[in-house]
Every structure is written in C-alpha cells, then in structure tokens.
Amino acid sequence: MHLIKDENGNVIPHGGEAHQHEHCGSCGDNCQENCSQEVVALLNYMLSHNEHHAQELDQMAENLQKLGMEDAAKTIKEGVADFQKGNMRLGLALTLVKEHLKEA
C-alpha cells in the first residue's frame, strides 16, 4: 500500500482491504469534497511516482548501454519517452481538476 498525501503533506487514507471507492457520491455532506481531495492527492502521487520510475528506467538504459546492450537501452529510452508523454497528460489532467475545483 502506498501512502497518499494531499498538497499540504497530510496523509489521505487509501488502499487496504477495507477500502472501496463506492463511497463517492453516497457518504454524506462532505463526500464531494473528500472525493475531490482524494483525486487530487492520487493524481499528485501517481505523477510523482511515475516521474521517479522514468528516472530509474533512464538510468537502467544508461547502464545497459555501458554493457554494450544498445538495442535494449534504445528500447527502454523509447519507453521512457512514452512514459514522459503519459506523465505530461497526467499533469494536464491534474491542472484541469484543480481548475474545476476552484470554480466549484
């Protein structure tokens, strides 16, 4: 289980056996706000997590290149480029969610 934090560093409970997403829309007065905060925290986390993995994969490609495995290194670097495109889209989605929340 990963710890997910909001923009202020507060841990938002997420994951585990008892966690379900059915609560969104059916949990009472603060549900919309709580679900929105969870979405923002999760997107922040996933974006950071994915960026970290992209860095690790890039390092792996450099190591493979040093070992003479040019084809594998090239393929990983291409995958990292795709990963970064996905991260760009996640970043855009996060920005859009935040803008919608400001309007609400």
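The values are calculated or read from the model by the stated rules, or taken from the named source; none is laboratory data. As the structure is a computational prediction, the values presented were derived from the model and not from experiment. No Cβ is skipped: glycine too gets one built from the backbone with ideal geometry, and neighbour counts run over all protein chains shown.
Output the residue which, of all residues in region 36-63 that are acidic (Asp, Glu) and modelled with pLDDT of 95 or more, is surrounded by the fewest Cβ atoms within 10 Å (Cβ to Cβ). The residue in question is GLU56.
Among the candidates LYS77, LYS85, LYS66, the residue that is surrounded by fewer than 15 Cβ atoms within 10 Å (Cβ to Cβ) and touching a helix residue (DSSP H, G or I) at 6+ places or on another chain (Cβ under 9 Å) is uniquely LYS66.
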